[in-house]
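Colleague: Just dropping this structure here.
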Amino acid sequence: MEPRKGAVAPRRVGILAVQGDIEAHARALDACGAEPVRVLRKEHLDGLAALVLPGGESTTIAKGIDRLGLATPLRAFAHAGGAVLGTCAGAILLARRARNHPVQTLEVLDVEAERNAYGRQVDSFTALADPGADPALAGFRCVFIRAPRLVAPGPSVEVLLRVDGDAVLVRSGTVLAATFHPELTDDPRIHALLLAHAGA
């Protein structure tokens, strides 16, 4: 079937598909009008408007990135101004360094990530972002599962959301990192922000 005349093709947004709740991110992106695409090879990055690094287990994902030869292509995508969102483990992988059982990171975001900063899986919780955060994101309910803490941000890093004073959503250029799981809510604003950084 031919697309109707004047129709705009949805923007393709990659999701690193090594591990994590890929389907939940895909649903969130679809709800924002994007076309989710699984990324497992460097060729899958071609023509993407943006990229998501989902949560999961950061050591497993880091090893998968290494095994698939994706570290250099992922860095190149970010350094070329590609819009990137890392959530939970994905935020760890974007950082310049990981604390508390270090893993190899992509070093594209000038912040350090403290792994499992809030405890184990049984210590998972939800919390509203602090008042006074980015007004466009006011009232966002954050879901934390073995979440990292982002610390020692460099001068290029802007804090967009905090919970109990801790930075939980940061931005540097077109790179976003969230210590929580926006894909586990019905609130599309974080994924919409990613698309805005992709030139939506």
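FYI, it's all coordinate maths here, none of it is from the lab. This is a predicted model, so every value here is computed, not measured. Cβ placement follows ideal geometry from the backbone for every residue including glycine, while neighbour counts extend to all protein chains displayed.
Residues are listed down the side, and each one gets a yes or a no for (1) in contact (Cβ under 8 Å) with a residue 12 or more places away in the chain; (2) touching a Phe, Trp or Tyr at 6+ places or on another chain (Cβ under 8 Å); (3) buried (at least 17 other Cβ atoms within 10 Å of the Cβ):
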residue: Ala80; (1), (2), (3): no, no, no
residue: His101; (1), (2), (3): yes, no, no
residue: Ala129; (1), (2), (3): yes, yes, yes
residue: Val151; (1), (2), (3): yes, no, no
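Colleague: Confirm whether Thr185 is over 20 Å from Ile61 (Cβ atoms), polar (S, T, N, Q), surrounded by 16 or more Cβ atoms within 10 Å (Cβ to Cβ) and in contact (Cβ under 8 Å) with a residue 12 or more places away in the chain. Steps first, answer last, please.
Modeller: Numbers: over 20 Å from Ile61 (Cβ atoms): yes; polar (S, T, N, Q): yes; surrounded by 16 or more Cβ atoms within 10 Å (Cβ to Cβ): yes; in contact (Cβ under 8 Å) with a residue 12 or more places away in the chain: yes.
Answer is yes for this residue.
Colleague: Please specify each residue of the range 47-101 satisfying the condition of being within 16 Å of Ile190 (Cα to Cα) and either touching a His at 6+ places or on another chain (Cβ under 8 Å) or among the aromatic types (Phe, Trp, Tyr) (or both).
Modeller: Ala50, Val52, Pro54, Gly55, Ala83, Leu85, Thr87, Cys88
Colleague: Which members of the range 156-178 meet the condition of being crowded, with 18+ Cβ neighbours inside 10 Å and in a loop (DSSP other than H, G, I, E, B)?
Modeller: Val157, Thr174
Residues are listed down the side, and each one gets a yes or a no for (1) within 23 Å of Leu29 (Cα to Cα); (2) buried (at least 18 other Cβ atoms within 10 Å of the Cβ):
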site: Asp134; (1), (2): yes, no
site: Cys142; (1), (2): yes, yes
site: Pro148; (1), (2): no, yes
site: Gly154; (1), (2): no, no
site: Phe180; (1), (2): yes, yes
site: Ile190; (1), (2): yes, yes
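Colleague: Which one of these does Ala95 not meet: (1) among the small types (Gly, Ala, Ser); (2) within 19 Å of Gly154 (Cβ to Cβ); (3) touching a Phe, Trp or Tyr at 6+ places or on another chain (Cβ under 8 Å)?
Modeller: Condition not satisfied by Ala95: (3).
Colleague: Of all residues in the range 13-46 being over 21 Å from Ala71 (Cα atoms) and in contact with a His (Cβ under 7 Å, 6 or more places away or on another chain), which is surrounded by the most Cβ atoms within 10 Å (Cβ to Cβ)?
Modeller: Taking the candidates together, the pick is Leu29.
Colleague: Scan the range 133-145 and give yes if some residue there is in a helix (DSSP H, G or I) and without any contact (Cβ under 8 Å) to a residue 12 or more places away in the chain, otherwise no. Walk me through it before giving the result.
Modeller: At the first step, the residues of the range 133-145 found to be in a helix (DSSP H, G or I) are 135-137.
From what is left, the residues that are without any contact (Cβ under 8 Å) to a residue 12 or more places away in the chain are 135.
Yes, there is a match, as at least one residue in the range 133-145 is in a helix (DSSP H, G or I) and without any contact (Cβ under 8 Å) to a residue 12 or more places away in the chain.
Colleague: Of the conditions (1) without any contact (Cβ under 8 Å) to a residue 40 or more places away in the chain; (2) among the hydrophobic types (A, V, I, L, M, F, W, C); (3) surrounded by 22 or more Cβ atoms within 10 Å (Cβ to Cβ), Leu85 clears all except one; give me its number.
Modeller: Of everything listed in (1) without any contact (Cβ under 8 Å) to a residue 40 or more places away in the chain; (2) among the hydrophobic types (A, V, I, L, M, F, W, C); (3) surrounded by 22 or more Cβ atoms within 10 Å (Cβ to Cβ), Leu85 misses just condition (1).
Colleague: With (1) in contact with a strand residue (DSSP E or B) (Cβ under 6 Å, 6 or more places away or on another chain); (2) surrounded by fewer than 22 Cβ atoms within 10 Å (Cβ to Cβ) as the list, and Leu93 as the residue in question, which single condition is left unmet?
Modeller: (2)
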